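Here is the structure we will look at.
Throughout, read-outs are computed from the coordinates displayed, never taken from laboratory work. The structure displayed is predicted, hence computed values, not measured ones. Glycine gets a Cβ as well: all are built from the backbone with ideal geometry, and neighbour counts include every protein chain shown.
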Amino acid sequence: MVEPIVVHGIPGSPYVRKALIVCEEKGAPYRLDAMAFGTGANKTPEYLARNPFGRLPTIEHGDFVLYEAQAIGRYIDRVFDGPSLTPSDPRQAARMDQVLNIVDWYVMPSISGGIGFNRVVKPKFGMPVDEEAVANALPMARTCIAALEDILGAQPYLAGEAVSLADLFAYGHFEFLGQTPEGGDLLAGSPLLGWMERMAARPSMQKTTWERLAETTAA
Ligand SMILES: N[C@@H](CCC(=O)N[C@@H](CS)C(=O)NCC(=O)O)C(=O)O
């Protein structure tokens, strides 16, 4: 029997979702060890022993413990059968890597940290919205959207004809953005909308929405 992947994480987190999506895409057996938001469960000595940065996700695969979503995605892609999520062409692979870094460095702090967290996550927990943070995120969010539109060009997916880790890791951030008024303005008429529709239709995405995970976990 193939050893299942245990994913430690909070349902709703776009980073935790990346690990789950890759398991779904590869057909890898997995289980979400769900923690509740705001409880400090990712700062306990037990969790910090697995991930000293106290961030999510962390996975366990047998006795192998791994944190950082990009490393997790690449590991699962290499270890499990199923369609490769990494292009074999070096230039397409470089585009994938480029997008993964754009997502971590620029999309995460603006589109997710600034807009998505304030407009989608905080209201669910009755937390006050930081309007200044939303406004401050807009210029970088615009730059991210323009850059990804440029990379997508006329292709169906960000690294070419086939879906890759680039699409799978970028989409969750855009799903939240699409639920906000700012996202409505920023994405109006964008070629990314067609890409978002294609991504939203994937079973891996539908099985890992916040709503679906909330139904299947106690957190
Ligand atoms: N560089 C990390 C970032 C992960 C990350 O920031 N995750 C967020 C959730 S979306 C988190 O752990 N937040 C909880 C915290 O900062 O305490 C990765 O790629 O896995």
Give the Kirkwood hydrodynamic radius (Å, one decimal) of region 122-204, defined as one over the mean of 1/r across all pairs of different Cα atoms.
-> 13.8
Under DSSP H, which helices of the chain have Cα atoms covering 27 Å or more of the helix axis and a Kyte-Doolittle average no less than 0.5?
-> 131-152
Just grab the label-to-label distance for Ala188 and Asp63, each label 7 Å out from Cα along the Cβ direction, in nm (one decimal).
-> 5.9
For the chain, modelled as a Gaussian network with Cα springs under 10 Å, which listed residue fluctuates most, Asn118, Asn136, Asn51?
-> Asn136
Quick one: if you stick a label point 7 Å off each Cα along the C-beta vector at Lys43 and Ala135, how many nm between them?
-> 2.9
Report the calculated FRET efficiency for Glu149 and Phe125 (r = Cβ-Cβ distance, R0 = 30 Å), to the nearest 0.05.
-> 0.40
Per DSSP, the loop-located chymotrypsin sites (Phe, Trp or Tyr not before Pro) within region 31-62 having at most 16 other beta carbons within 10 Å are Phe37, Phe53
Choose one answer from Thr208, Thr180, Thr58: the residue with the largest mean-square fluctuation in a GNM of the chain with alpha-carbon springs under 10 Å.
-> Thr180
Pick out, in residue order, every one of the GluC sites (Glu not before Pro) in region 134-219 that is DSSP loop and has at most 11 other C-beta atoms within 10 Å; say none if there are none.
-> Glu161
Expected 222 nm ellipticity per residue - DSSP helices of 4 or more, -39500 (n - 2.57), all of the chain, to 500 = -14500 deg cm²/dmol
Rg (Å, one decimal) plus Dmax (Å, integer) for the alpha carbons of region 28-82?
-> 12.1, 36
Computed lengthening from Ser84 to Ala201, 0.36 nm per intervening residue step minus Cα-Cα distance = 40.2 nm
Take every Cα-Cα distance within region 1-42, group them into 10 Å bins from 0 onward, and report for each bin the whole-number percent of pairs it holds.
-> 30, 51, 17, 2
Any idea what % of Cα-Cα pairs in the chain are farther than 28 Å?
-> 27
